Amino acid sequence: MSKIYNLGIIGGGVSGAVMALQAAKYGIESIIFEEHESVVNGPPFCHLHAGGNLYPDITDEECRILMEQSIDMAKLFPQSIDERPTFISIPKSEKDYETYDIETRLKMLVKHYKKLIKDDPSNKILGEPEDYYKIYNKKELSLLKDLPTVKFPKTTDEWMSNTLQLVDIDRLKLPVFIVQEFGWNLFRLAAQAQLALIKTKKCDLKLNTSVTDIKDIRDENVDHNWEIQTKDASFKVKYLVNSCGFKTGIIDESLHLSTKRLIEFKAAYVSKWEPIGGLIPELIFHGKRGTSHGMAQLTPYCEDYYQIHGMTKDITLFKDGLVKSKKDEVQPRFNKDIRQKLNVAWEKEEINTRTENGIEFISKFLPSFETAVVGGPPMFGAQQIPGDNPDLRVGEVSFPEKSYARSEIVKASSALTVANQIIAQIQKEKIISSVEVMVDPNFTLLDIPKSEIDELASELTIQRGYPEAMSRLLISKD
Ligand SMILES: Cc1cc2nc3c(=O)[nH]c(=O)nc-3n(C[C@H](O)[C@H](O)[C@H](O)COP(=O)(O)OP(=O)(O)OC[C@H]3O[C@@H](n4cnc5c(N)ncnc54)[C@H](O)[C@@H]3O)c2cc1C
């Protein structure tokens, strides 16, 4: 008789991979299917949203959730966290946002961070709560302006003094801020997750394996509920987790389930630039998403590679890039042009044009950035947004049917929360007994040696066509 798995997970993105690893921690056997050759290869991520400071339009509650979830994920994948801060500013031309609102929110976040540390001291991964952010007015900025470059800044003032050598402060409302929202290296997370999935005996990892159909046998009164079909085999599972990313609706369609969702295609661009001889924080210039002055974001990587997001239709966003499900079609469909980019290749000319648009966009605030050049292929992908609110930033899980969970996270940081919610649900459905007694003493994700993560992250980065330097952290952790 073929094996029956407790959990069958479709999709090895950050959500599916974390689901399988969290299940392994509790000794729950799973099988995970990923149609590509490695895990965590879907839409990119580069920013740990530990406070939601990139999103002035979301609620305080969403900011607190993002902070909590980000801390949890950073504890799980420390080797993927780049501990450089983020510079937050509002251009003078921006009418919708005020620095006062940023300051009010930051004060609220410090209070929340203190509470999280009080609840569990291991939550202190963003530094001291008092240092979570620092405000810079005209006076403080003038004291830092002409200081020499610091190669590896250690204090917030050093990060700010390096920034001041490049940013045109006259274009920005004052004050400006430095916040302890860190970088998040997806290649390193992919490497740690993949190594752990291979190492644990509790998970059967099927790479290069596409799920083609699901057979629902819940009424047949047998020991399993679903049969997962691939091209040449069938696998029995008790509980089904759909973590197919923007393709979540395809599985729903095969199960005849209907629900509302959006899918969105976006891209960030890789540039090469040689600015000053010292590190800079991630730079954020706020702006209304989708307008010609949407948010500009510059993310530093190793060896002077810089990733650009510009929340305009000519850079990160695309015409018809946001698509809704229809009444009779729960899986939204992109147009031919976006499908071509997602599944085949980008035109070289469009890579150049969009990256150059991005360089020009950032140069408005960082004049010397105009010397940057295209540094690699875009980092792109499509993501799912459950429901019909395109501004939703906190992930969701739903349990539309018995023995079936649908993970639709909007930010990579929601993966662990969603995995824990699913584990609670499978206990409720009595698929497993209490997890309290099940923790597997032989499994810890944190046992994967840094050298192995370095090696696989480097391999994955090259395999996916990006500069190898992007697999490393700016601030290495030994
Ligand atoms: C440009 C951009 C920038 C972003 N930046 C950030 C950021 O800075 N911080 C952040 O937290 N989030 C960010 N996000 C969001 C983040 O990327 C997503 O929330 C996250 O990657 C979603 O993970 P997932 O596992 O749900 O989906 P995915 O990563 O899409 O994983 C789904 C997986 O399922 C597989 N699959 C699908 N169908 C099948 C099938 N039938 N059989 C087998 N396998 C299948 C796919 O190959 C894929 O690997 C960004 C998104 C974009 C587009």
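Scanning the chain for long hydrophobic helices, with DSSP H runs required to stretch 18 angstrom or more by C-alpha along their axis and to average at least 1.0 on the Kyte-Doolittle scale, returns 186-199.
Each Lys or Arg adds one and each Asp or Glu subtracts one; over the other residues with Cβ under 14 Å from the Cβ of Ile169, this totals +3. Rounded if a/c is under 1.5, else prolate if a/b is larger than b/c, else oblate: which is the stretch 51-141, with a ≥ b ≥ c the root eigenvalues of its Cα gyration tensor? In terms of gyration-tensor shape, prolate. Amide H to amide H, with H built 1.01 Å from N, Ala268 comes under 5 Å of Met379, Phe380, counting only residues 5 or more places away or on other chains.
Using only side-chain charges placed at the Cβ, +1 for Lys and Arg and -1 for Asp and Glu, the dipole size of the stretch 78-157 relative to its Cα centre rounds to 140 debye.
Over all other residues within a Cβ to Cβ distance under 14 Å of Ala74, the charged ones net out to 0, with Lys and Arg as +1 and Asp and Glu as -1. Ellipsoid semi-axes for the stretch 352-403, based on the Cα gyration tensor and the rule √(5λ), read 38, 14, 8 Å when sorted largest first.
Modelled spin labels at Ile169 and Asp57, positioned 7 Å past Cα toward Cβ, are 3.1 nm from each other.
Under 5 Å from the amide H of Trp226 lie the amide H atoms of Ile217, Val237, each residue being 5 or more positions distant or on a separate chain, with H modelled from the backbone and absent for Pro and chain starts. Once backbone amide H atoms are built at 1.01 Å from N, Asp82 has Gly183, Trp184, Asn185 as its partners under 5 Å, excluding neighbours fewer than 5 places away on the same chain.
Could you give the nm distance between label points at Glu347 and Ala233, where each point is 7 Å from its Cα heading toward the beta carbon? Taking the simple label geometry, Glu347 and Ala233 are separated by 4.3 nm. Ranked by the mean number of other Cβ atoms within 10 Å of their residues, highest first, the peptides 171-183, 111-123 come out as 171-183, 111-123. Pairs of Cα atoms in the chain fall into 10 Å distance bins, from 0 up to the last occupied one, in shares of 4, 20, 31, 26, 14, 5, 1, 0 percent. The string of couplings for the stretch 373-380 from the Karplus curve (6.51, -1.76, 1.60, θ = phi - 60°) is 10, 4, x, x, x, x, 9, 9 Hz, one whole number per residue in order, with x for Gly and Pro. Across the stretch 186-219, the residues whose backbone nitrogen lies under 13 Å from the label position 7 Å along the beta-carbon direction of Ser254 are 209-217.
Taking a point 7 Å from the Cα of His36 along the Cα-to-Cβ direction, the residues of the stretch 395-411 with backbone N closer than 20 Å to it are 407-411.
None of the figures in this text is laboratory data; all of them are computed from the coordinates on show. In this text, all values refer to a predicted model and were calculated from it rather than measured experimentally. Please note: Cβ atoms are built from the backbone with ideal geometry, for glycine as well, and neighbour counts cover all protein chains shown.
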